[in-house]
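To start, the structure under review is shown below, and the notes come after it.
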Amino acid sequence: MRNSVVTFGAIITLILAGAPVAQAESEDLKLSFGLRAGYGLPIGIAKGGDSHYDIYLDEIVKGIVPAQLDVGTFLGSRFYVGASFQYAVGLAVSECQGDCGVSAMRIGLNLSYHHPWSEKLSPWVGLGVGYDVLDADQVPSVMTGELEPTSPYGRLEGFEVGNLQGGIDFNVAGPVWFGPYVTGTLARYDGQDARFHSWFMGGLRLLVRR
């Protein structure tokens, strides 16, 4: 995990350092900031178990409430490149008893295209990659299906192969934009018999464009 964060940091530094060169005119780099909040649904298998005792992601957490910070820059007026950090509080499954804390984290790189529909309206679509982490105090045992607080699968992490996101931004005032967004991810956690899972998220985003 630590090496992955360092790698992402190095990539982000290179992208942002070269951004002014990519712009049509030589300008100072202007950072843009975004804040997102919403709700996410788990889809797919969190951990394979010999194909007979697969642990589905919705058996660990029935939903997440994510908050995300976006930092990046616009290359011209339409293309955005940047990094994101997301932390989410998970909602434990109803069968869980006692201390069943669940949380999720994602870090990533994103590229998006923003169409200037009008001065007040800008739909956008984007792609991204990242790293996905899930912490659960209790998850179903791969052998019995019973909840085990000391399960070795209490922490799951792995690379996010990709994500697709999009939304509509409405201009509030000056550089401030606000609107709905949706995101769908495709990732898999490290380990033997790794399987793919997804998060489908939606909510609202506040964006300050520079």
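Looking at Gly184, Gly191, Gly166, just one residue is touching a Pro at 6+ places or on another chain (Cβ under 9 Å), open to solvent by less than 60 Å² (accessible area, probe 1.4 Å) and either over 20 Å from Tyr80 (Cα atoms) or modelled with pLDDT of 95 or more (or both), and that residue is Gly166. For Asn171, the conditions (1) in contact (Cβ under 8 Å) with a residue 24 or more places away in the chain; (2) within 18 Å of the chain's Cα centre (by Cα); (3) surrounded by fewer than 18 Cβ atoms within 10 Å (Cβ to Cβ); (4) in a strand (DSSP E or B) all hold with the exception of (2). Return yes when Phe33 is modelled with pLDDT of 90 or more, more than 20 Å from Val133 (Cα to Cα) and surrounded by fewer than 18 Cβ atoms within 10 Å (Cβ to Cβ) and no when it is not. Yes. Selection over segment 149-163 of residues that are buried (at least 17 other Cβ atoms within 10 Å of the Cβ) and within 21 Å of Tyr113 (Cβ to Cβ) gives a count of 2.
The values are calculated or read from the model by the stated rules, or taken from the named source; none is laboratory data. None of the values given here were measured: they were computed from a predicted structure. Cβ: placed from backbone, ideal geometry, glycine included. Neighbour counts: every protein chain shown. Please note that ligands, DNA and RNA were not included when accessible areas were found on the heavy atoms of the full protein model with its side chains. Shrake-Rupley method; radii C 1.70, N 1.55, O 1.52, S 1.80 Å.
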